[in-house]
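Taking it in order: structure first as structure tokens, then the write-up.
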Amino acid sequence: MKNVAKKLTAREYEINFAELHPAFTPNAAVVEANRCLYCYDSPCTQACPTHIDIPTFIKKISTGNLKGSAKTILESNWIALTCAKACPVKVLCEGACVYNEKGEEPIRIGRLQRHAMDWFYDHKTPPLFAPAPRNGKSVGIIGAGPAGLACAAELALLGYEVTIYEAKNKAGGLDTWGIAPYKMMQKDSMKEVKFIKSLGVKIKTNTRVGKDVALKQLERKHVAIFIGAGLGRPTSLHIPGEKLKGVVDALDFIERVTPRQWHRVDVGKRVAVIGAGNTAIDAATEAKRLGAEEVYLIYRRSEKEMPAYDFEFELAKSDGIQFYFQTAPKRILGKTVVEGIECIKMRLGKPDAEGRRRPEPIPRSEFRLAVDMVIKSVGQNIEETFLAKIPNLETNDGMVVVKSESYQTTNSKYFAGGDCINGGKEVVNAAHDGKAAAQGMDQFFNEQ
Ligand SMILES: Cc1cc2nc3c(=O)[nH]c(=O)nc-3n(C[C@H](O)[C@H](O)[C@H](O)COP(=O)(O)OP(=O)(O)OC[C@H]3O[C@@H](n4cnc5c(N)ncnc54)[C@H](O)[C@@H]3O)c2cc1C
């Protein structure tokens, strides 16, 4: 990189990456829990994709029954600690809280869930769940992200032998490698992995299916296979200069930040982030918190169309990220390393097939920004090469097609869930899919 941002002190890094939503004290948790109205139709529970019985777990916190509270949560969601810290609660459970209608602060459901889950992981409790006796059936799972882990936990409880094959050296998927360090830490994700292993699940890390182990081997060994492989490589920008030193994929950059070895991550003095989804916002705020002096976020549509959540946008603005809306990158400048980026202004034309107004370049509106680093974040492709090896597996726009109730694919031996079926949503959706697929699989075998 031409100009690397000055390294910060250890204390400065810790301040910059401190938790956005710190834990409640025990007293504050009880006070907050006592605000819950225990609504008869619990809109919060309905808004949660895993349908946690929220009023009940909150009631248990108010009476000091944290073990019972954690059990209520885990009965619906095996990935509950990550979800407590990283879920977009404002658009899910807390967004549905009736207090919003009264113009009052909603119950802090995410932080209360965290309170119960922190207690559970910090205390050695007798096992909360007793797996059913082994039924002699073995299931293979591709990917140890939240979808794969949730599926594995549920299957273990139902009496199946479960082996997860995970390409990376640590399990957890994006919970371990993707979620911003000011929301949760890698060690939180590892606590969930350890807990799921304690149910009898085996995890083979450093094992990429299709490379280190063949699909055929899995098919011979297991009665069913769950695909929880998430998304594949990031999409390319298709502009000149993408190969220059200093151009990085958002996920590669974020992966280097999550282990909290801040001083080891070089960041440019001036950084351009291309894209405006939640991942782009994470990359931009993480670059700023690592010490970048200027961070520009470049997006070809307007603020109204940006895919990132409002609260993520607000966070980026408060971090001092500068937004270039209706702007597209044209080429990245430099001989061997990034020295700048040439952009062009866009106007919004006629709506496309999805009803979104198509951005069109405004002739002769090019301008340049001097930057030392370009972070690409314009989406991820689905891993089609790997999926193509599965016979009769139907995909739609790269996403695996599943039946809505059972999560069974068009190849009856395979089930699937998480990002690889929805194109990239949230952890809580993956947690729901994994559990539902395990139940779908069990029903499939019981009906045979
Ligand atoms: C940068 C970023 C930040 C995010 N932040 C949030 C957030 O704050 N809150 C939130 O709720 N959601 C967030 N998300 C979304 C969330 O992380 C995903 O929706 C969720 O992790 C999807 O789970 P999954 O199990 O389907 O896939 P993943 O988490 O991607 O896990 C898939 C796993 O499969 C493994 N794998 C892939 N191919 C193979 C193979 N051939 N063999 C073996 N293993 C394989 C991968 O290594 C990976 O571990 C974020 C996503 C990104 C990219």
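The values are calculated or read from the model by the stated rules, or taken from the named source; none is laboratory data. The model shown is predicted, which means the values in this text are computed figures rather than measured ones. Heads up, the Cβs are rebuilt from the backbone with ideal geometry, glycines too, and the neighbour counts pull from every protein chain shown.
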Task: Cys44, sole failed condition from (1) in a helix (DSSP H, G or I); (2) within 23 Å of the chain's Cα centre (by Cα); (3) within 30 Å of Arg260 (Cβ to Cβ) - done: (3)
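Quick grid of which residues meet (1) farther than 28 Å from Ile254 by Cβ; (2) under 28 Å from the mean Cα position of the chain (by Cα):
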position	(1), (2)
Pro307	no, yes
Phe311	no, yes
Glu339	no, no
Glu354	no, yes
Pro391	yes, no
Val401	yes, yes
Task: Positions within the range 112-134 being surrounded by 15 or more Cβ atoms within 10 Å (Cβ to Cβ) and either of a type in the set (S, T, N, Q) or at pLDDT 95 or above (or both), in sequence order - done: Leu112, Gln113, Arg114, His115, Ala116, Met117, Asp118, Trp119, Phe120, Tyr121
TODO: Would you be able to say whether some residue in the range 395-403 is away from the ligand (no atom under 16 Å from the Cβ), at pLDDT 95 or above and buried (at least 17 other Cβ atoms within 10 Å of the Cβ)?
DONE: no
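One line per residue, one yes/no per condition, for (1) in a helix (DSSP H, G or I); (2) under 16 Å from the mean Cα position of the chain (by Cα):
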residue	(1), (2)
Glu219	yes, no
Phe226	no, no
Leu237	no, no
Gly241	no, no
Ile254	yes, yes
Asp266	no, no
Ala272	no, no
Ile281	yes, yes
Lys288	yes, no
Open item on the list: Can you report the number of residues in the range 171-192 which are surrounded by fewer than 22 Cβ atoms within 10 Å (Cβ to Cβ) and either in contact with a Pro (Cβ under 6 Å, 6 or more places away or on another chain) or part of a helix (DSSP H, G or I) (or both)?
Closed with: 5
Task: Exclusive hit being more than 12 Å from the ligand (Cβ to nearest atom), under 24 Å from the mean Cα position of the chain (by Cα) and of a type in the set (Gly, Ala, Ser), set Ala144, Ala153 - done: Ala153
TODO: Kindly provide the set of residues from the range 229-251 that are over 30 Å from Phe415 (Cβ atoms) and either within 11 Å of the ligand (Cβ to nearest atom) or of a type in the set (Asp, Glu) (or both), ordered by number.
DONE: Glu242
- [ ] From the list Gly424, Gly398, Gly440, Gly417, pick out the single residue that is in contact with a helix residue (DSSP H, G or I) (Cβ under 6 Å, 6 or more places away or on another chain) and closer than 20 Å to Asn77 by Cβ.
- [x] Gly417
Open item on the list: Condition check: modelled with pLDDT of 95 or more, part of a loop (DSSP other than H, G, I, E, B) and either out of contact with any Phe, Trp or Tyr (no Cβ under 9 Å at 6 or more places or on another chain) or within 8 Å of the ligand (Cβ to nearest atom) (or both). Does Lys168 satisfy that?
Closed with: yes
Open item on the list: Can you pull out every residue in the range 47-61 that is assigned to a helix (DSSP H, G or I) and crowded, with 23+ Cβ neighbours inside 10 Å?
Closed with: Ile54, Phe57, Ile58, Ile61
TODO: Any chance you could count how many residues in the range 115-129 are within 30 Å of Val223 (Cα to Cα) and either free of Cβ contacts under 8 Å to residues at least 24 places away in the same chain or in contact with a Lys or Arg (Cβ under 7 Å, 6 or more places away or on another chain) (or both)?
DONE: 1
Task: Residues of the range 401-448 classified as acidic (Asp, Glu), more than 26 Å from Ala47 (Cβ to Cβ) and in contact (Cβ under 8 Å) with a residue 12 or more places away in the chain, total - done: 1
Task: Filtered residues of the range 410-448 (kept if closer than 16 Å to Glu154 by Cα, more than 8 Å from the ligand (Cβ to nearest atom) and of a type in the set (S, T, N, Q)) - done: Gln439, Gln443, Asn446
- [ ] Inspect all residues belonging to the range 196-210 and state whether any of them is more than 7 Å from the ligand (Cβ to nearest atom), closer than 23 Å to His115 by Cα, without any contact (Cβ under 8 Å) to a residue 40 or more places away in the chain and under 19 Å from the mean Cα position of the chain (by Cα).
- [x] no
TODO: Please state which of the following conditions Asn65 fails to meet, knowing it meets all the rest: (1) more than 13 Å from Gly110 (Cα to Cα); (2) within 16 Å of the ligand (Cβ to nearest atom); (3) not β-branched (Val, Ile, Thr).
DONE: (2)
Task: the range 8-31, residues that are farther than 18 Å from Phe120 by Cβ and either assigned to a helix (DSSP H, G or I) or more than 21 Å from the chain's Cα centre (by Cα) (or both) - done: Leu8, Thr9, Ala10, Arg11, Glu12, Tyr13, Glu14, Ile15, Asn16, Asn27, Ala28, Val31
